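Comments concern the structure below.
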């Protein structure tokens, strides 16, 4: 049998099957907004929003939390309560997103720097120790110099947790013995 004569016929058959399949996709069942539905027990096609859903455009209702600013100034304070749990979350997120460049202790000597990339400034410089908390949130949100924005990868609550952890790193590398509570100081002096 001549297979060259069958090729156009097979191509035409494949095209017809594809067109028929597309028609079925276009005509599949769907529910219009506010239309009744037998699928759900309550008979409603429109589903309630999942708990914790933030409507588009409403995240900014607390500008301090959403932007790291109070008015036009970078915020000095945190819009969240900084607890041990927040610091632990910040440490985890920092180790994932920040430590590759900034290093585990914030000295700017992360793994990518050892591979030849530009070294970021240490978090332990006077400039960054004196920077407002909103500065770190703003840099994570918008990027700075060679650092890209992490707004897509890191949600706002985690950016604040990372900023709190950076503050803890700064304190850990620059603390004096006088800053240690009395009972802990005695342990360290032994």
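The values are calculated or read from the model by the stated rules, or taken from the named source; none is laboratory data. Owing to the predicted nature of the structure, the values given are computational and were not obtained by experimental measurement. Neighbour counts are summed over all protein chains in view; Cβ atoms, including those assigned to glycine, are modelled from backbone coordinates with ideal geometry.
Given the conditions (1) closer than 20 Å to residue 131 by Cα; (2) surrounded by fewer than 18 Cβ atoms within 10 Å (Cβ to Cβ); (3) within 20 Å of the chain's Cα centre (by Cα), and given that residue 51 satisfies all but one, which numbered condition is not satisfied?
(1)
From the list 177, 171, exactly one residue is within 25 Å of residue 70 (Cβ to Cβ), loosely packed, with under 12 Cβ neighbours inside 10 Å and without any contact (Cβ under 8 Å) to a residue 24 or more places away in the chain. Which is it?
171
Quickly run through the range 145-154 and pick out the residues that are surrounded by fewer than 15 Cβ atoms within 10 Å (Cβ to Cβ) and either more than 17 Å from residue 65 (Cβ to Cβ) or touching a strand residue (DSSP E or B) at 6+ places or on another chain (Cβ under 8 Å) (or both).
145, 146, 148, 149, 152, 153
When the residues of the range 89-105 are filtered to those that are buried (at least 18 other Cβ atoms within 10 Å of the Cβ) and in contact (Cβ under 8 Å) with a residue 60 or more places away in the chain, which remaining residue is farthest from residue 116 (Cα to Cα)?
Result: 89.
Looking for something surrounded by fewer than 17 Cβ atoms within 10 Å (Cβ to Cβ), over 23 Å from residue 174 (Cα atoms) and at pLDDT 95 or above - is there at least one such residue anywhere in the range 122-141?
no
Just checking, does the range 110-121 include any residue being in contact (Cβ under 8 Å) with a residue 40 or more places away in the chain and surrounded by 16 or more Cβ atoms within 10 Å (Cβ to Cβ)?
No - not one qualifying residue is present in the range 110-121.
Would you say residue 86 is part of a helix (DSSP H, G or I) and either under 22 Å from residue 175 (Cα atoms) or touching a strand residue (DSSP E or B) at 6+ places or on another chain (Cβ under 8 Å) (or both)?
yes
Does the range 155-164 contain at least one residue that is under 20 Å from the mean Cα position of the chain (by Cα), under 15 Å from residue 65 (Cα atoms), exposed (fewer than 14 other Cβ atoms within 10 Å of the Cβ) and without any contact (Cβ under 8 Å) to a residue 12 or more places away in the chain?
Checked the range 155-164: at least one residue is under 20 Å from the mean Cα position of the chain (by Cα), under 15 Å from residue 65 (Cα atoms), exposed (fewer than 14 other Cβ atoms within 10 Å of the Cβ) and without any contact (Cβ under 8 Å) to a residue 12 or more places away in the chain.
Looking at (1) free of Cβ contacts under 8 Å to residues at least 40 places away in the same chain; (2) not in a helix (DSSP H, G or I), which is the one condition that is false for residue 79?
Here residue 79 clears every test but (1).
For residue 68, state whether it is on the phi > 0 side of the Ramachandran plot, touching a helix residue (DSSP H, G or I) at 6+ places or on another chain (Cβ under 7 Å), at pLDDT 75 or above and surrounded by 10 or more Cβ atoms within 10 Å (Cβ to Cβ).
Against the criterion (on the phi > 0 side of the Ramachandran plot, touching a helix residue (DSSP H, G or I) at 6+ places or on another chain (Cβ under 7 Å), at pLDDT 75 or above and surrounded by 10 or more Cβ atoms within 10 Å (Cβ to Cβ)), residue 68 qualifies.
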